[in-house]
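Peer 1: To start, I am sharing the structure in question, which I have written as structure tokens.
The values are calculated or read from the model by the stated rules, or taken from the named source; none is laboratory data. On a predicted model such as this, the values are computed, not experimentally measured, just so you know. In this analysis, Cβ positions are derived from the backbone assuming ideal geometry, glycine residues included, and neighbour counts consider all displayed protein chains.
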Amino acid sequence: MNYMMRFFAEILFFGFILTNISCTKETGPKEVCFYFSKSSVKVGEAVYMFNCSKNFHNQLWILPDGSQQNTRHATFTPSGTGDYHVWLRIGDYNLVDTIGKSQSFTVTP
């Protein structure tokens, strides 16, 4: 009997530790936010994208050429004129539960 009580006490203790000590806790709903260094650039000029999102653990940038970056901020250098669309997805560690936002910038000659 004493062994079983100790066993359950240890399980409760480790459960308490796991639920109260985590690496990062989200505090509210996820909010996607990002902005460009410039809304209009010339061909060959780099565009910097800054992530100002809240309550997330991981991010994924989907750039106009289809490439992806998983860094906090991203950069892209367009090779032609027109409107370029960028997606930012944020979510949990594995990017399973995500939300996203798309914005565009213009490239002139």
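Peer 1: Consider segment 55-109. How many of its residues are closer than 22 Å to Lys30 by Cα, among the polar types (S, T, N, Q) and in contact with a Phe, Trp or Tyr (Cβ under 8 Å, 6 or more places away or on another chain)? Reasoning before the result, please.
Peer 2: So in segment 55-109, the residues closer than 22 Å to Lys30 by Cα come out as 55-63, 68-74, 85-104.
Then keep just the ones that are among the polar types (S, T, N, Q); that gives 55, 58-59, 68-71, 94, 98, 102-104.
From what's left, in contact with a Phe, Trp or Tyr (Cβ under 8 Å, 6 or more places away or on another chain): 58, 68-71, 102-104.
Total satisfying the criteria: 8.
Peer 1: Among the residues of segment 44-52, is any exposed (fewer than 14 other Cβ atoms within 10 Å of the Cβ) and either of a type in the set (S, T, N, Q) or on the phi > 0 side of the Ramachandran plot (or both)?
Peer 2: yes
Peer 1: State the number of residues belonging to segment 78-109 that are assigned to a loop (DSSP other than H, G, I, E, B), at pLDDT 95 or above and surrounded by 13 or more Cβ atoms within 10 Å (Cβ to Cβ).
Peer 2: Number satisfying all stated conditions: 1.
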